[in-house]
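Worksheet: the structure to be examined is printed underneath.
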Amino acid sequence: MNDFIQLLLSGLASGSIYALAALGFTLLWQASGTINFAQGEFVMLPAFMMLAFSSLGLPLLLSFAFTCFVAVIVLGWAFKRGLADPLLKFGMMPIVVATLGLSIAMKNGIRAGVSAEAFPFPSLFGDTVLHLGSAAITVGDLGTLAAALLLVLATQAFLNKTVTGRAMQAVAQNTDSATVLGINVPRMIFYTFAINALLACAAALLVTPAYLAKFDMGEGLSTKAFFAAIIGGFNNSRGALLGGVIVGVSENLAAHYVSAAYKDAVALVIFMFVILVKPQGLLGKKVERKV
């Protein structure tokens, strides 16, 4: 039982990170019909940005703040204007190919321009170990879980409780109707890209202490986040949280009780099962959307 509790909490912490990245997938899809297969690299790049700012003597949280500012410009505005906007009119496939190419370019750019080595990254919560009975739980796991859940719930509250959030959802449902209602559609779509960039920065801050800052750290994260988004429901932002938790907990339990060799395959197996049983995802709905 103690092992199960430890695995459960660790899996929830990992799953909450997947949920942050998966939420970016769902937000971009809902608002603009964009699928960003460079999402993992959108987490990797802020990690190196924070290390660069920290090397100047800035504390971690201040480095995070500066990174968020740069990320909104580079991963939000520049990504939207330079890649998404010109290609969306040609359909989904060019976006998919372009973001896959962007992923490769970002990884190779960091490997060639910085290093192929892994860099240690400071933990926001420290490495203190708590003991609940015979179960050992790190403060880092608990802090990561709490921070990630708070961010996901805060994003949900913003979307559902604020005027801007409801306007963004209106744009996601039908851009023509949103325009008729006087909503500034391009601005709302930019807000979505900006929020995605901020979520990527938060994921980098939380996950890099465990993954280490490395040019390919985003590969597994991107894949699992995409699976999590599909499992939960690609057209439902709450599904990102559910999908992330399912993937995180399941892979931890499978690694311990079955074999560590199957850990990375668990997300794929769950993904395939959900697609066969409920193609729209666990919380997704069958909808007709117009962009």
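With q set to 0.10, 0.21 Å⁻¹, the log10 of I(q)/I(0) for region 1-136, from the Debye formula over equal scatterers at the Cα positions, is -0.46, -1.30. Tell me the angle of helix 185-211 to the major Cα principal axis of the chain, expressed in degrees between 0 and 90 and rounded to the nearest ten. Between the helix axis and the principal axis of the chain, the angle is about 10 degrees.
Ranked from largest, the principal axis spans of the Cα set of region 192-291 equal 40, 36, 18 Å.
Considering only Phe190, Phe48, Ile73, the residue lying farthest towards the positive end of the dipole of the chain is Phe190, judged by Cα position with unit charges set on Cβ. Please state the shape class of region 109-154: rounded when a/c is under 1.5, otherwise prolate if a/b exceeds b/c and oblate if not, all from the C-alpha gyration tensor. Oblate, because a/c is 1.5 or more while a/b does not exceed b/c. Cross-link check: pairs Lys214/Lys285; Lys161/Lys278; Lys89/Lys224 evaluated at a Cα-Cα cut-off of 32 Å; pairs beyond the cut-off: Lys214/Lys285.
Taken over the alpha carbons of the chain as equal point scatterers, the Debye sum produces base-10 log I(q)/I(0) values at 0.08 Å⁻¹ of -0.33. Computed extension gain for Val269 through Glu219, at 0.36 nm per residue and net of the alpha carbon distance, reaches 16.2 nm. Residues Met106, Met272, Met49, arranged from fewest to most other Cβ atoms within 10 angstrom of their Cβ, appear as Met272, Met106, Met49.
What do you get for GluC sites (Glu not before Pro) in region 189-291 restricted to DSSP loop and a cutoff of at most 14 other Cβ within 10 Å of the site's Cβ? In loop regions of region 189-291 (DSSP not H, G, I, E or B), the sparsely surrounded GluC sites (Glu not before Pro) are Glu288.
Roughly how tilted is helix 218-232, in degrees to the nearest 10 and between 0 and 90, from the longest Cα axis of the chain? Its long axis makes an angle of about 70 degrees.
Each Lys and Arg adds +1 at its Cβ and each Asp and Glu adds -1 at its Cβ; summed about the Cα centre, region 2-219 shows a dipole of about 640 debye. Helix-only arithmetic for the chain: the sum of -39500 (n - 2.57) across DSSP H runs with n ≥ 4, divided by the residue total, places the mean residue ellipticity at 222 nm at -23000 deg cm²/dmol.
The HN-Hα couplings worked out from phi for region 10-24 by the Karplus form 6.51 cos²θ - 1.76 cosθ + 1.60 (θ = phi - 60°) are 5, x, 5, 5, 5, x, 5, 5, 4, 5, 4, 5, 5, 4, x Hz, whole numbers, x standing for Gly and Pro. Counting only residues at least eight positions apart within a chain, or on another chain, the aspartates and glutamates with an alpha carbon under 17 Å from that of Lys80 are Glu41.
Where a number appears in this text, it was derived from the coordinates with a stated rule and is not lab data. Please read all numbers here as calculations on a predicted model, not as lab measurements. All Cβ positions, glycine included, derive from the backbone under ideal geometry; neighbour counts span all protein chains shown.
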